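Before any comments, here is the structure.
The values are calculated or read from the model by the stated rules, or taken from the named source; none is laboratory data. Note that the structure is predicted; figures quoted are calculated from it, not measured. Positions of Cβ are generated from backbone atoms using ideal geometry, with glycine treated the same way; all protein chains shown enter the neighbour counts.
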Amino acid sequence: MSRAILRWPDGGDWGHVAVPGETGLPRFAGFVRMADPLVLELLTVSTASRVDNDFWEVHFAAEANELLAV
């Protein structure tokens with residue numbers, strides 16, 4: 001199962017999603033609105049971690065989430 005990453009600035013309206021690339025390192029997949037219902041649903045079932053002092057990050061199963069289809 002591959003893991004995707006949603007990352008956003010603390011209080012930000014937009015976040016970005018990264019998915020595993022061919023080398024295994026994350027590659028940018030797109031921007032998302034933090035108010036999008038799919039993002040809000042993801043945040044209710046996932047635990048966000050604070051990273052780099054002013055960012056939040058959530059790791060989730062890439063195959064099982066509709067967020068990547070948007």
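Tabulated results
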| item | result |
| --- | --- |
| Segment 39-65, residues that are more than 11 Å from the chain's Cα centre (by Cα) and surrounded by 15 or more Cβ atoms within 10 Å (Cβ to Cβ) | 55 |
| Some residue of segment 15-23 being without any contact (Cβ under 8 Å) to a residue 12 or more places away in the chain and surrounded by 10 or more Cβ atoms within 10 Å (Cβ to Cβ) | yes |
| Answer residue from segment 12-33, given it is at pLDDT 95 or above and small (Gly, Ala, Ser) and is farthest from residue 63 (Cα to Cα) among those | 12 |
